[in-house]
Structure formats: structure tokens, C-alpha cells
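Following: one structure in C-alpha cells, then a few remarks.
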Amino acid sequence: MHIVHIAPELALVAKAGGLGDIVYGLSKALIKEGHTVDIILPKYDCLQHENIENLNGELDNLAIEEKGSIHTVKVWSARCENLPLHLIETSHPDNYFLRATIYGQEDDTDRFLFFSKAAMEYLLKSDTRPDIIHIHDWGTAITAPLLRDVYRAKGLKAGGLVMTIHNLLHQGVCSPEHLANIGLDPKHYLTPNSMQHPEAPDLINLLKGGIVYADQVNTVSPNYECEIKTALGGCGLHDILLKYDGKLRGILNGIDIDYWNPATDCLLDANYSLQGNNIALVQSGKQANKHAMQKSLGLEVSDRPLVSSVTRLVPQKGPELILAAMKRTLEKGGQFVLLGSMAPEHIFKPFQALQASAKYKGQLAISLDHNEKLAHMIYGGADFMLVPSLFEPCGLTQMISMRYGTVPIVRMTGGLADTVFDVDTSKLPQLERNGYTFEFPDEEGVFWALDRALTCYEDKPEKYRQLMLAGMTQDFSWKHTTPDYVQMYKVALSH
Ligand code: ADP
């Protein structure tokens, strides 16, 4: 099968969060299975050029009409490892992709509508005839109606189109004018059966357009699929999701186990692996990484428990609960390392205040940025990974942590509930229990899980080792997930 991803992110090249990991890991897994994959991305100025090779002009002078003017687009072909890339560059006066960040600009809607239209135009003009166009979240959702209503008629041949919902919270709600800007008739789409926003009839909901017009839709975990079909988890789209239940499925994300591999990870100070289930080898490797991380972050070099969070520090991720757990860990004499990106000021201020206080010097390190190297150091050196999300479509950090022998402490929601099983309360066999969980997103909940975790680390080393082992022997690779995507592609093709 030939699959073309139209995506706003790709790990190693342009990553903000899990979406980038998934496009990367799934594409590599599909290629390994013998499929052909192409990935279309914006040519951001923040691309990680050190991971891009063979950059060559591929198509010049694509003409994209937007807001009544014609803008030229150049497409570059390139490679990241064995992944073929097609990078969309534009001379648009608003410099849509030259912003130093992937998201978070006031005109994100314009930027991603333009990108989506340019990607479709590229597929048409390059006579690419994919079996499947695979789109991701609200930013590329417009390609679904564009394919059905415009580009098929223009001659674009594509077998089917599937959309992955990585996060239902972001829906691309915008004025109908935005559709007119890219040549679509807003009147046609501002109806309940099309892209009308369920909560504001004068507005367009781009993600809803993806759900309505795609052949197949999936979420990134089975539990999240169930949650979003309820009023509580559906972010206003639950009725639409129930209506289209027949084409919706939940597929648990994988992680790329070659990239996330403590035995070969070149960003770690010490590599380690679970040879012959020898947990002592893992512990000495992790201890070396922990000490190196403590030194590099100015923490006291110690074997006290070290709790961490690697996250976008946004409301979804439960920042108040991270802060509460941080204080609790420090009061109990442990250490905490937080790597948090994209935090708005009202969220990062209290963290900065805590860091500035002399009381916890040597115990607390906070880095408010996106830092791939530090993320790896934390996975390799921390004892616990805290993920107290209010909702979590899948969550990768808990899976990556387990691969590195770092025990997860998570809230039971979305994909976290599909992957982490409480050592004390799960009904699964003891050997399959791999972490600590709590249900209610409040201090009582998170303290209940955290306290048990810290006690286990300090007083029950055998139980802690068993938890490390349970996580490390679990297989979160794409091997299990890829067939589900291929199956979905086949269903989409048969439409
Ligand atoms: P989301 O996609 O909601 O951000 P996921 O858990 O699905 O959350 O995926 C997070 C991915 O992004 C993981 O690969 C994680 O290592 C990475 N990540 C998250 N925050 C940071 C950060 N501040 N610095 C580096 N990597 C990060």
C-alpha cells in the first residue's frame, strides 16, 4: 500500500509532542512491513536540519489561491533516516512557516489551511496516486472535504482518506470566512451535517469536518475512543462521534523501540539493558544516569527517590497536581526534575517561585523548554515518571518510561488506563502490574499514588525491582499496532 501522511509534526524533524512521534514511528513500521510511505510537512524555519538529508527542489511554482491572491509554493524532497519527506515552502507575505514554533501563533488557522491546500495541490500536480491519505488532527482535517468536494473532481486519485484524532481538545473552530479564503463555499459547509460547530452555529469546526468527510477515523487508544463518545469527554463533539461510530476505532499508540532504547540511546550517559532479566544491571545503569543528571542539573548526587515529569506544561497535563506532587516529594526528602514546554505564564510562575526558594536547593530542577537530550536523560535516570493528566488521548511518556525502567505514576484516564496497571489494586496478575495509578484528579488522589510509590522505593526494594521488570518486559512497539492501522486503511480503501 502507498500511504501519504499530511502532518504538522514529525519526530526528529519538527516535534511538539506525541503526534510527531506517531507519524515517525508508524511510518517506519509501515515501511518495515513493505508499504510505501511519504510524509508532507510544512518547511518550518525551526526544522531540525541536522536530521534532514538530500534536500532537493522537487516542484517549483505551485500556485495556491488564498484570500483572493495567488501565492507560489515550492516543494522540497528530502529524507529523514529512511523516511521520504516533501516539505512545503511558500513565499506568502505572512511567512506562514517562518515563525520559530510549530503552533501557538494567532493565525494558526490560516497557516494550516494554507498548508493543507498546498499539500493537496502538490499531490495533484505531482500525479501522486496514494492508496491512503492519512491526516492528523484539526490542522490537516480540511483535506477530507477538500478531497471529496474539490480535488477528486480535479483528478486527484486517492484510494481513501483516514484521520487520526490525537487530541480532541483542539478543533480548529473558526469563522466561515476561513473556508472562503481557500476557495470553499462556506454556505455549503455551515450546516449540522457538515462542518457547523455544534456549540456555535455561526462558526466552522475543522475537526468535525475531518470526522464527517474521512473514510475512517481513529483515536490513539481504545479507552479514549470510549471517553470521547460521552458528554464528559467529547469536548462538544460526542454526538457527532456517536453518529459516525461506525467508522471510528481506537488504536493504541506504539513507541519506536529503536529510537527509545536504553541499550543504544546515544543521549544517555550510560547504556543499559535487561539482559537475561538481570535487573541489577539495569539498576547500575540507571544509577549512573541518575548521578550524571544530578550533576548536570546542579542537584545533590544522591540515591534518594527522584520523581520526574516530561510534559507540555499545559492545563490538560494537570500542572497543579504536578506542583502539589513536587512539593510533597521535596518535603519527604526526595528530588524532582520537571521538563515542561509550552507553559503559559500563569502556569509556570508558581514553579519558578518554588525553584527560586532556597529551601529545596539541590533537590529540585525545573527546565521550562523542549529539550530532547534532557528528556532522554530523565527517562534514563529518574526513578518515577508522574503523568497526572486530566485527560490523556494515549500518552507516550509513561510507555517510554517503562521501556527505560522508570516506574510510572499516572491518573487513570484515556490511554494511561490502557497501559498502566496499579501494583496494589489492579486485578491483573501481579507480574503484569507495572506502576501506580489514581482516579480522581485532586491532591488526595495524586498523594495516595505518590506516597505508595515513594514508600515502595525506600522500604520495599524487591517490589520496586519487580515493577521495573514488569515495565521493561512489556512490548509497546509498533509491531502490535501497525496491523490495526493497515486494517483501517483496507476498510478506507473499500469505500
Ligand atoms: P502530548 O502529545 O500530549 O504532548 P504524549 O505523552 O503523547 O503527550 O507525547 C509526548 C512526547 O513529547 C514524548 O515523546 C515526550 O518525550 C515528548 N516531550 C514532551 N514534553 C517534552 C519536553 N518538554 N521536552 C522534550 N520532549 C518532550
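The values are calculated or read from the model by the stated rules, or taken from the named source; none is laboratory data. Keep in mind it's a predicted model, so treat the numbers as computed, not measured. Ideal geometry is used to build each Cβ from the backbone, glycine not excepted, and the neighbour counts take in all protein chains shown. The area values use the complete protein model at the heavy-atom level, side chains included, leaving out ligands, DNA and RNA. Shrake-Rupley method; radii C 1.70, N 1.55, O 1.52, S 1.80 Å.
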Looking at D185, is it touching a strand residue (DSSP E or B) at 6+ places or on another chain (Cβ under 6 Å) and open to solvent by 10 Å² or more (accessible area, probe 1.4 Å)? no
Residue check for S426: hydroxyl-bearing (S, T, Y), open to solvent by less than 10 Å² (accessible area, probe 1.4 Å) and part of a loop (DSSP other than H, G, I, E, B): no
Taking region 58-77 on its own, how many of its residues are farther than 20 Å from L179 by Cβ and open to solvent by 50 Å² or more (accessible area, probe 1.4 Å)? 6
Do we find that G250 is within 16 Å of the ligand (Cβ to nearest atom) and either closer than 30 Å to E372 by Cα or hydrophobic (A, V, I, L, M, F, W, C) (or both) in this structure? yes
Looking at G380, G415, G405, G395, which one is open to solvent by less than 30 Å² (accessible area, probe 1.4 Å), within 15 Å of the ligand (Cβ to nearest atom) and assigned to a loop (DSSP other than H, G, I, E, B)? G395
Show the residue pairs that are 6+ apart or on different chains and have beta-carbon atoms under 9 Å apart, the first residue being within region 33-47 and without any contact (Cβ under 8 Å) to a residue 40 or more places away in the chain, the second being open to solvent by 40 Å² or more (accessible area, probe 1.4 Å) and part of a loop (DSSP other than H, G, I, E, B). G34/M1; T36/M1; T36/D131
Pick from region 238-255 the residues that are surrounded by 22 or more Cβ atoms within 10 Å (Cβ to Cβ) and assigned to a loop (DSSP other than H, G, I, E, B): which of them is nearest to the chain's Cα centre (by Cα)? N253
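If I ask for residues that are within 30 Å of G34 (Cβ to Cβ), open to solvent by 30 Å² or more (accessible area, probe 1.4 Å) and either without any contact (Cβ under 8 Å) to a residue 24 or more places away in the chain or out of contact with any Asp or Glu (no Cβ under 8 Å at 6 or more places or on another chain) (or both), which ones from region 78-102 would you list? Reasoning before the result, please.
Our first condition is that a residue be within 30 Å of G34 (Cβ to Cβ); within region 78-102, this holds for 78-88.
Filter once more, keeping what is open to solvent by 30 Å² or more (accessible area, probe 1.4 Å): 79, 81-82.
Matches in region 78-102: E81, N82.
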Unmet requirement for F348, which otherwise passes all of (1) open to solvent by less than 20 Å² (accessible area, probe 1.4 Å); (2) in a helix (DSSP H, G or I); (3) within 13 Å of the ligand (Cβ to nearest atom): (1)
What about K373, is it in a helix (DSSP H, G or I), within 19 Å of L297 (Cα to Cα), open to solvent by 70 Å² or more (accessible area, probe 1.4 Å) and within 15 Å of the ligand (Cβ to nearest atom)? yes
Inter-residue pairs, beta-carbon under 8 Å, first within 10 Å of D137 (Cα to Cα) and part of a loop (DSSP other than H, G, I, E, B) and in region 208-226, second open to solvent by less than 10 Å² (accessible area, probe 1.4 Å) and within 15 Å of the ligand (Cβ to nearest atom), 6+ apart: none
In region 1-39, what count of residues is obtained for those that are out of contact with any Lys or Arg (no Cβ under 8 Å at 6 or more places or on another chain), small (G, A, S) and within 11 Å of the ligand (Cβ to nearest atom)? 4
Which pairs turn up if I take residues in region 454-480 that are assigned to a strand (DSSP E or B) and look for partners that are small (G, A, S) with beta carbon separation below 9 Å, at least 6 apart in sequence or on another chain? S477/G25; S477/A29; S477/G254
What is the residue count in region 274-288 for residues that are buried (at least 17 other Cβ atoms within 10 Å of the Cβ) and in a loop (DSSP other than H, G, I, E, B)? 1
Please identify the pairs in which a residue from region 137-161 that is within 22 Å of M1 (Cα to Cα) has its Cβ atom under 6 Å from the Cβ atom of a residue that is of a type in the set (D, E, K, R) and at pLDDT 95 or above, counting only partners at least 6 apart or on another chain. K157/R129; G159/D131; G160/D215; L161/D215
Which numbered condition in (1) assigned to a helix (DSSP H, G or I); (2) under 13 Å from I322 (Cα atoms) is the only one that L386 fails? (1)
Among the residues of region 289-315, count how many are open to solvent by less than 10 Å² (accessible area, probe 1.4 Å) and either among the hydroxyl-bearing types (S, T, Y) or within 11 Å of the ligand (Cβ to nearest atom) (or both). 3
Which one of these does V446 not meet: (1) more than 27 Å from Q275 (Cβ to Cβ); (2) within 16 Å of the ligand (Cβ to nearest atom); (3) touching a residue at least 40 places away in the same chain (Cβ under 8 Å)? (2)
For region 322-343, what are the residues that are more than 11 Å from the ligand (Cβ to nearest atom) and in contact with an Asp or Glu (Cβ under 7 Å, 6 or more places away or on another chain)? A324
